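Student: For reference, the structure I am asking about is given below.
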Amino acid sequence: MARREPRTYVPSPAVAASWPEGISGNTINGLGERTPRRASPFFWHPADQHPFGTLQGLASAGCRVNQAATDAFMAANTYPELEPVNPERADRTPEAWTTLARDFAQNNEADLFGAAPMQDHYIVQGYSVDEPNVILLGIAHDYEELKQVTDNRESGRGITEVGRQYARGTRTSYALANWIRRQGYMAKPFPGPRASSLLLIPPAIDAGLGELGKHGSLINRTYGSNLRLAGVTTDMPLSFDRPDDFGSDSFCTNCRVCMDACPPQAISEQKQWVRGVERWYVDFDKCIPFFADNAGCAICIAVCPWARPGVADNLLLKMARRREALALSEAAE
């Protein structure tokens, strides 16, 4: 694959002026730290919880490029009422509840469903989550719309698609939370795009929805990175899923597609230490200014080979053959 020449991106005066002097978002995120800790409140949290509130305001306003995009994000941030928890609790096995919850979610706009026990590192510092379990929901993009990013402001098709699927995540997570509450169990929804107490990618990985990609987003074995996530915390008894190691992590090691397509060159070729975990990481200080200047961005997930419809099956076959060849080679040594 021929490498593209690096692009040159210079933040606009408005974005440059909004940057807090002497502060790096990478430091807040824990880049370079080898000791595990919870994530700090950051971008998409309330503006008084981090030093990038002004830039966050610019990025948020920039996504409302036209009426279609404005309507999409208004729907994403319009939450229905949560029903009271039914005092009469139904009694079923964890396996039965999981089957019923999965069926309900997938009949109410979710494309993927997974469950995991709550872990401390899923919870943002300074917040709390009382429920012992978390359900993760995957919501697939319309690829033809998503790949328009970043398009012109008159069209706004790509960013409108992002808002549209965030809205779907809002609807499906609230619908599932209310269904669980009707069964007599506590449930709280966590849709995008605004961050709250719960990180979504770490539990999504543990719940088998995919692996972390070089571009910092989830890669699912069916939908690739063509996804948005939502969550529901609950005390409903559930049977838990396992991580799905299908080979995308090793694929990313040898792939440069998202790196070469990233205008601000924010994607690293190597994994880095972040809050005690060596993983793929996207440079916040390079990524977010471009996001704010260009009415959002999802270029990296749109160009990812795993995102293109119909490609994942072939990639899975290639990865399986590669693993089989490696196993035979190791056995022969």
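The values are calculated or read from the model by the stated rules, or taken from the named source; none is laboratory data. Because the structure is a prediction, the values reported are computed rather than measured. As a convention, Cβ positions derive from the backbone with ideal geometry for all residues, glycine included, and neighbour counts pool all protein chains shown. Ligands, DNA and RNA are stripped out before the accessible areas are found, and what is left, the full protein with its side chains, is counted by its heavy atoms. Shrake-Rupley method; radii C 1.70, N 1.55, O 1.52, S 1.80 Å.
Student: What ratio of Cα Rg to 2.2 N^0.38 Å holds for segment 137-186?
Tutor: For segment 137-186, the normalised Cα radius of gyration is 1.54.
Student: What accessible area per residue comes out for segment 71-140, rounded to a whole number of Å², with a 1.4 Å probe?
Tutor: Dividing the accessible area of segment 71-140 by its residue count gives 53 Å².
Student: I'd like to check one number: the per residue accessible area of segment 247-287, probe 1.4 Å, reported in Å² as a whole number.
Tutor: So segment 247-287 comes to 42 Å² accessible per residue, rounded to a whole number.
Student: Apply the membrane-span-like helix rule to the chain: whole DSSP H runs, Cα extent along the own long axis of at least 24 Å, mean Kyte-Doolittle hydropathy at least -0.5. List the helices found.
Tutor: 312-332
Student: Here's another thing I want to ask about it. Which value, in debye to the nearest 20, gives the size of the charge dipole of the chain about its Cα centre, when Lys and Arg are +1 and Asp and Glu are -1 at the Cβ?
Tutor: Once rounded to the nearest 20, the dipole reads 440 debye.
Student: For segment 281-321, just list the percent of Cα-Cα distances falling in each 10 Å bin from zero outward, please.
Tutor: 25, 35, 24, 16, 1
Student: Just how large is the dipole of segment 1-151 about the Cα centre, in debye to the nearest 20, putting +1 at every Lys and Arg Cβ and -1 at every Asp and Glu Cβ?
Tutor: The dipole of segment 1-151 has a size of about 780 debye.
Student: Which of rounded, prolate or oblate describes segment 188-327 when judged by the alpha-carbon gyration tensor and an a/c cut-off of 1.5?
Tutor: oblate
Student: Further, regarding this structure: Which far-off residues, 5 or more places away or on another chain, put their amide H under 5 Å from the one on Q272, with H placed in the peptide plane?
Tutor: Residues meeting the criterion, in which the H sits 1.01 Å from N, are R279, W280, Y281.
Student: Please flag any cysteine in the chain that has no other cysteine's Cβ under 4.7 angstrom from its own Cβ.
Tutor: Result for the chain is C63, C252, C255, C262, C287, C297, C304, no neighbouring Cys Cβ within the cutoff.
Student: With only alpha-carbon atoms counted, please give the Rg and Dmax of segment 265-333, in Å.
Tutor: Cα-based Rg and Dmax for segment 265-333 come out at 17.4, 54 Å.
Student: Here's another thing I want to ask about it. What per residue convex hull volume, in Å³, comes out for segment 106-222 when only alpha-carbon positions are used?
Tutor: Looking at segment 106-222, the number lands at 123 Å³ per residue.
Student: Follow-up question, since we're still on this one. Of the heavy-atom accessible surface of the chain (probe 1.4 angstrom), what whole percent is carbon and sulfur?
Tutor: 51 percent
Student: Helix-only estimate, please: 222 nm mean residue ellipticity of the chain, summing -39500 (n - 2.57) across DSSP H runs of length 4 or more and dividing by its residues, to the nearest 500.
Tutor: -11000 deg cm²/dmol
Student: Does segment 1-87 come out rounded, prolate or oblate, given a ≥ b ≥ c as the square roots of the eigenvalues of its C-alpha gyration tensor, rounded meaning a/c under 1.5 and, failing that, prolate meaning a/b above b/c?
Tutor: Verdict is oblate for segment 1-87.
Student: For segment 50-89, what does the equivalent ellipsoid look like in terms of its semi-axes, each the square root of 5 times an eigenvalue of the Cα gyration tensor, given largest first in whole Å?
Tutor: 33, 17, 4
Student: Right, another one. Tell me, what is the 1.4 Å probe accessible area of H141, in Å² to the nearest 10?
Tutor: 20 Å²
Student: If we count every other residue with Cβ under 15 angstrom of A195's Cβ, Lys/Arg +1 and Asp/Glu -1, where does the sum land?
Tutor: Neighbour charge sum, excluding A195 itself: +3.
Student: Let's see if you can work this out: charge +1 on each Lys and Arg Cβ, -1 on each Asp and Glu Cβ, no other charges. What is the dipole magnitude of segment 191-333 about its Cα centre, in debye to the nearest 20?
Tutor: So the magnitude is around 300 debye.
Student: A further question follows. Quick one: P(r) of segment 45-148 from all Cα-Cα pairs, 5 Å bins, percents rounded to integers, in order of increasing distance.
Tutor: Result returned by the calculation: 2, 8, 10, 15, 19, 18, 14, 8, 5, 2.
Student: What is the percent of Cα-Cα separations in the chain that go past 37 Å?
Tutor: The calculated P(r) of the chain puts 17 percent of pairs beyond 37 Å.
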